[in-house]
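Here's the structure, in structure tokens; my notes come after.
Every read-out reported here was derived from the displayed coordinates using simple, explicitly stated rules and does not represent laboratory data. Everything quoted here is computed from the prediction, not taken from an experiment. Every residue, glycine as well, gets a Cβ built from its backbone with ideal geometry; the counts of neighbours run over all protein chains shown.
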Amino acid sequence: MRVRINKNTFKTVEEMLKQAQFFKFINLVGVTDKQLDDGIVQQREQFVKRIEKAVALLAPKEIRLITERYLSQDGNYVKDYEVYEAMQISEYTYYQYKSRAMQKLADILGISSEVPDSHWCPLCNRGATSERG
């Protein structure tokens, strides 16, 4: 089964994962909680917990992929080819897992953009690109 994910949805989920990784490890670079408002610190912790809970609902291979690629401490420097070589899977399989994981995360986090085509035709049950004579 081929999973197709909207490009904007993919980017949104990817940015959320990168932001969660940043918030998770921000205290390691010397920013103490006393320098920030307590509300901001709590919001960051809740955000990271929400992302981690969503990732925990994925399949084991998808969890490994997401944590190694995005949620590890050096996630900004890990590239896709390093992850699929470490997982000992092919590039094609890796991108299938990644696409499926991103779609599941989008659904879990409620950011999936499943919007019907604005030019939907009820007669032919196809979009505007249908070749109807």
Pop a pseudo-label 7 angstrom from the Cα along the beta-carbon direction at both F10 and I111 and give the gap in nm to one decimal. 1.5
Extending each Cα 7 Å along its Cβ direction at K18 and Q46, get the distance between those two points in nm, one decimal. 2.5
Would you mind putting 76-87, 58-69, 40-51, 94-105 in packing order, based on average other-beta-carbon counts within 10 Å, highest first? 94-105, 58-69, 40-51, 76-87
Lysines within cross-link reach of K98: Cα-Cα under 16 Å, excluding same-chain residues under 8 positions apart? K7, K11, K18, K61, K79
